[in-house]
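All remarks here apply to the structure that follows.
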Amino acid sequence: MDGLSELDERITGCRACPRLVDWREEVARTKRAAFEDWTYWGRPVPGFGPHDASLLIIGLAPAAHGANRTGRMFTGDRSGEFLYPALYDVGLASRPTAESADDGLTLYGTRITSPVHCAPPANKPTTEERDTCRPWLVSELKLLAPTLKAVIVLGGFGWQAALPAFSAAGWQVPKPRPAFGHGAHVVLPGGPEGKGLDVFGCFHVSQRNTFTGRLTPGMLRNVLRTAAAEAGLHPNGPAE
Ligand code: SF4
């Protein structure tokens, strides 16, 4: 078992946040009617994707009836229905849909994780929960560092959570901290391997953004293509 497999295993057993442990397990017990035949995962959701990824996507937290049900990031929810087709379009995923952890979906050179690994009530972790979960992200960044070249952070919450994690993992984060914005791009020098990191901001793929048109499929594909090229992944298609 390599370091990242061990980390993922340890994450799935974490019970450090009492409110989130209660919530994820209550949701798994009570379920949504449409999923009553499912045995919910009901645990922390580890990162998904190859252990030698050069591109990392950092979201917010698992959805109660999405990843908290299926056990895989952005799998089985509306956010995933927006993210995975875009990943497929640019050549970073083997298929455009994500229904369950055993649906055969593979990511190419790309890993997806989140700064909070348990589903929070109303999709809103507290700052204490965010900070409690940070060491997992720091460990994941350090383990990915030998191959990691670029990161896309989805949304302002993820951005605020990720910058201190980059710093704790060894990259130099400017002060004052760079502001989040869609299309933001900052290069962090240093890092565990001393080769710097390209960090991109992108509006989160939540329904609040995608249903209102604040984030369109074209906008997402553009950020994915730019970051993937920076990560050396040769994405499909031209910029839009
Ligand atoms: S949110 Fe993170 S730190 Fe809190 S219980 Fe879940 S995995 Fe553990």
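The values are calculated or read from the model by the stated rules, or taken from the named source; none is laboratory data. Predicted, not measured: the structure shown is a model, and the values here were computed from it. So basically every Cβ, Gly included, is an ideal-geometry build from the backbone, and we count neighbours across all protein chains shown.
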ask   = Which one of these does residue 236 not meet: (1) surrounded by 21 or more Cβ atoms within 10 Å (Cβ to Cβ); (2) not in a helix (DSSP H, G or I)?
value = (1)
message = Tally up the residues in the stretch 50-70 that are under 11 Å from the mean Cα position of the chain (by Cα) and within 16 Å of the ligand (Cβ to nearest atom), please.
response = 5
task = Name, by its number, the condition in (1) modelled with pLDDT of 95 or more; (2) under 29 Å from residue 39 (Cβ atoms); (3) among the polar types (S, T, N, Q) that does not hold for residue 160.
result = (2)
ask   = Could you count how many residues in the stretch 126-137 are more than 15 Å from the chain's Cα centre (by Cα) and either farther than 18 Å from residue 7 by Cβ or of a type in the set (Gly, Ala, Ser) (or both)?
value = 5
First in the stretch 151-169 and farther than 18 Å from residue 120 by Cα, second anywhere and of a type in the set (Phe, Trp, Tyr), Cβ under 6 Å, 6 or more apart = 152/200; 153/159
